[in-house]
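All remarks here apply to the structure that follows.
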Amino acid sequence: MIHIVLTSALSCLLFSCNQVVQSKSTNDTISVSSQKNVTLSDTTINKPKKDQFIDIAAVGDIMLGTNFPDISTLPPDANLLLKPADSLLRNASITFGNAEGVFLNAGGQSKGSGANVYNFRQPESYATILKNYGFDFLSVANNHAYDFGSIGLESTSRVFESIGLKFAGNKTNPYAIIEKDGVKIGMVAFAPHNGCLNLNDLPAMISLVKEVKAKCDILMVSFHAGAEGSKATRVPRRHEIFYDQDRGDVYEAAHAVIDAGADVVIGHGPHVPRALELYKSRLIAYSLGNFCTYAKFNLKGISGYAPLLTLKVNQSGAFSEGKIHSFLQLGEGGPVKDDTNASAQLIKQLSIEDFPESSLLIDQEGNLSIKK
């Protein structure tokens, strides 16, 4: 929802909405009693009203279970995996996540096998689960976008389009725009992987960001980049090489897209959380790690930290406030609320270490504010 702050009236509005999620059988999709009010438009830009704020919820990697090589790695009921985060996901104006893997019931050619090769093929019905939990934007720019070749890629696009899920990250779908209450929010996604909009082609990335920014009011940029694993929590400010692949310079990329007009930058790919930075009043999340990754993922230690980031930006895209909501993935996966706030505390420490010059403040509970 979009909050309008009236400076001459009350200092804030508090409201709640009763929303019910009812789970059905394993093959059924979730039933949601109230959905987000989404209006899609390709008309000219409608400028936001004064003192208007956009609420954004963002998470990292999502893979609800794979039917490859067999159904043993599917959850008993995929509808329930995201339930602990239901209200946070569906109450935001815009909800974003990274779709790790393709949506395909069967077929396609797997990209290979081996100790470090993973193929994620989610049942097509799982896309509706994401839609019903409130996801608006999904990135398909990652190293699993072509797990099952062109058949998997085409199936994912077809499934998303059929249910109205906006996505971006490849040459066919380089960007997406949603209009809500007269505000146009855009999203572009990049990754240093085959078939994706290339994070390592900085001039092309900057050009696309400028092009899309001219079509919208608020622009989100997503990237799936950086090294992976428990030793990859730091932002090194250089290109990261992982398994002989150039996984990009996420610091350079994040700053470049903001310089080109981006308002929010959301990173994922390392499978662990990384720091937050405030740059030119724009928020950068360098990695939100794994959020809902069922089976096939290492969820030990900090790899099981599953932060959910909420933030407000004003009508010009500048960051106002936010919060890191801490979740954990236990067992086979799926987020559960973490009352110890482990994700928030880790991100707080990493942000202090990597960006001591940043004006962003993070408290022990994960609340985000700006230094006065």
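Just so it is clear, none of the values below were taken in a lab; they were calculated from the coordinates. Keep in mind the model is a prediction, meaning the values are calculated, not measured. Cβ: placed from backbone, ideal geometry, glycine included. Neighbour counts: every protein chain shown.
Quick notes
- Extreme residue, nearest to Gly195 (Cα to Cα), among residues of the stretch 130-158 that are surrounded by fewer than 23 Cβ atoms within 10 Å (Cβ to Cβ) and among the aliphatic types (A, V, I, L, M): Leu153
- Only listed residue being under 15 Å from Asn142 (Cβ atoms) and either outside any strand (DSSP E or B) or in contact (Cβ under 8 Å) with a residue 24 or more places away in the chain (or both), chosen from Val212, Val221: Val221
- Close contacts from the stretch 75-97, counting a first residue that is farther than 16 Å from Ala127 by Cα and a second that is part of a loop (DSSP other than H, G, I, E, B), with Cβ to Cβ under 6 Å and a gap of 6+ residues or different chains, come to Ser93/Met1; Ile94/Asp136.
- Failed condition for Glu353, given (1) touching a strand residue (DSSP E or B) at 6+ places or on another chain (Cβ under 9 Å); (2) surrounded by fewer than 18 Cβ atoms within 10 Å (Cβ to Cβ): (1)
- For the stretch 75-95, the set of residues classified as farther than 14 Å from Ile129 by Cα and of a type in the set (A, V, I, L, M, F, W, C) consists of Leu88, Ala92, Ile94, listed by residue number.
- Filtered residues of the stretch 268-283 (kept if outside any loop (DSSP other than H, G, I, E, B) and either crowded, with 23+ Cβ neighbours inside 10 Å or in contact with a helix residue (DSSP H, G or I) (Cβ under 8 Å, 6 or more places away or on another chain) (or both)): His268, Pro273, Leu276, Glu277, Tyr279, Arg282, Leu283
- Residue count for the stretch 241-267 under the criterion of being under 14 Å from Asn200 (Cα atoms) and either out of contact with any strand residue (DSSP E or B) (no Cβ under 8 Å at 6 or more places or on another chain) or assigned to a strand (DSSP E or B) (or both): the result is 7.
- Only residues that are buried (at least 19 other Cβ atoms within 10 Å of the Cβ) and either outside any strand (DSSP E or B) or touching a helix residue (DSSP H, G or I) at 6+ places or on another chain (Cβ under 7 Å) (or both) were counted in the stretch 174-194, giving 6.
- Check on Gly164, surrounded by fewer than 20 Cβ atoms within 10 Å (Cβ to Cβ), over 23 Å from Ile324 (Cα atoms) and within 19 Å of the chain's Cα centre (by Cα): yes
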